[in-house]
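Beneath this line is the structure, given in structure tokens, with notes to follow.
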Amino acid sequence: MYNAKAVIAGILVFAVLGTAPFWAGMTGKEYRSTGIIPPKDEKSCIENAEFMRAEHMRLLNEWRDEALRGENRVYAASGGKKWNISLQNTCLKCHSNHEEFCDRCHTANSVYPYCWTCHILPGESK
Amino acid sequence: MNKSRRSFLKVAGLSVFALTGGLAARAAMPGAAGAGIAPGGYAKGEKALRAGRWAMVIDTRKFAGPEDYEPLAEACRAAHNVPRIPDAQNVKWFWADSYEHCFPDDMNAYPDDKTRARAYPLLCNHCANPPCVRVCPTQATYKTEDGIVAMDYHRCIGCRFCMAGCPYGARSFNFKDPRKFLPSPPPNPDFPTRMIGVVEKCTFCAERLAAGKMPACVEASDGRVLFGDLEDAGSNVRRALAADFSIRRKPSLGTQPGVYYLI
């Protein structure tokens, strides 16, 4: 191989740089809150906080498909409590302040879902 | 670098195995692909009204001009935050039109003057063979198990194939942001609005049926519009259809509409 030293060194540098995000992720940073303020008068969400934090977007997708396509509009949580499946009429009843709850994390993570172009926020008036 | 055909095939075969093995293992795992993410379960609401196939029977003899249908249309707009846009880009869920426009097949060339002069209400027919569902490329519109042709606006990409497919003109496109034409806050804060770039239509009030209520236009009609289960021989709609002569819109197309007009 010509220029073996330079080529191998280059490949190594590329491999380290290319996988850097994985190494950085694996060095085990603690979960850091983005300063969201959960609703005060409710102790727990429909499922535990870790699940909701990691999977709420997939849960909402599943809720939508179950409610609209399967016409199953009631969710029986693992704790046994039953919830009406509705972002606007169930989630937003507790999480009534989207700026202090939804937006803090979404903005910090550079995700910009457009829920509120259709779903009406509590007390909304433009 | 010199490689024999044999060693190349060995490396290539191993690579393919390594790359696809992970996918195959994941697919073989029970309940991995497509299974629900939620730890809880799903159920129908206790108050939800059920039917084999929902249908509507409109007694048009008890209505005269388009103004008689206005309270029904207004109830629909209020229940679903349907805007009123004063031009050809209006959004229509429930509206009234003339006999000629409603029944262009003209099965009887000489109906009596009253029949010809009356206005007729138009809405989505919730067909048994809905062309809009067949043409939708994203399955944003679909048929539910109780015969309602429903829409998932999250999936709608605004291609408007369904509008071309619908022979009844029952679908409207949001050329403009509908919220600009709604009061603020919108009339029904429990129901979402739509956004610019999606198609919308009558839903037979699926969300009201799920809560045990009749559709908004049926409630506003003082019994002149019947709503019930077409597959139940003893239901109010079946009795009304057995007792009186009824027609449907454009029956020759084979879409099997679920909206019947008593003439």
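The values are calculated or read from the model by the stated rules, or taken from the named source; none is laboratory data. This structure is a prediction, so every number in the text was calculated from the model and none was measured. Heads up, the Cβs are rebuilt from the backbone with ideal geometry, glycines too, and the neighbour counts pull from every protein chain shown.
Go through B:M151, B:M195 for me and flag whichever is within 12 Å of the chain's Cα centre (by Cα), within 11 Å of chain A (Cβ to nearest Cβ) and within 20 Å of B:V91 (Cβ to Cβ).
Exactly one residue qualifies, and that residue is B:M151.
Of all the residues that make up region A:49-100, how many are basic (K, R), closer than 21 Å to B:N188 by Cα and more than 9 Å from chain B (Cβ to nearest Cβ)?
Of the residues in that region, 1 qualify.
Just checking, which of A:N97, A:N61 is outside any loop (DSSP other than H, G, I, E, B) and at negative phi?
After ruling out the rest, the residue left standing is A:N61.
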Checklist entry - Of all residues in region B:134-147 being in contact with a strand residue (DSSP E or B) (Cβ under 8 Å, 6 or more places away or on another chain) and at the interface with chain A (Cβ under 9 Å from one of its Cβ atoms), which is surrounded by the most Cβ atoms within 10 Å (Cβ to Cβ)? => result B:D146
Item to check | Failed item, numbered, when B:P189 is tested on (1) under 14 Å from B:A55 (Cβ atoms); (2) part of a loop (DSSP other than H, G, I, E, B); (3) within 14 Å of another protein chain (Cβ to nearest Cβ) | outcome: (1)
Next on the checklist: With the structure loaded, tell me whether A:C105 is more than 12 Å from chain B (Cβ to nearest Cβ), touching an Asp or Glu at 6+ places or on another chain (Cβ under 9 Å) and either within 28 Å of B:A150 (Cβ to Cβ) or modelled with pLDDT of 90 or more (or both) or whether it fails that test.
Outcome noted: no
Next on the checklist: Of the conditions (1) in a loop (DSSP other than H, G, I, E, B); (2) of a type outside the set (K, R); (3) in contact (Cβ under 8 Å) with a residue 12 or more places away in the chain; (4) out of contact with any Leu (no Cβ under 9 Å at 6 or more places or on another chain), B:D146 satisfies every one except a single condition; which number is it?
Outcome noted: (4)
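A quick yes/no check of all residues on (1) farther than 25 Å from B:L49 by Cβ; (2) touching a His at 6+ places or on another chain (Cβ under 7 Å); (3) outside any loop (DSSP other than H, G, I, E, B):
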{"site": "B:P121", "(1), (2), (3)": "no, no, yes"}
{"site": "B:A150", "(1), (2), (3)": "no, no, yes"}
{"site": "B:M163", "(1), (2), (3)": "yes, no, yes"}
{"site": "B:P185", "(1), (2), (3)": "yes, no, no"}
{"site": "B:R194", "(1), (2), (3)": "no, no, no"}
Checklist entry - So which of A:E47, A:E62, A:E100 ends up being among the charged types (D, E, K, R), touching a residue at least 12 places away in the same chain (Cβ under 8 Å) and under 30 Å from B:A48 (Cα atoms)? => result A:E47
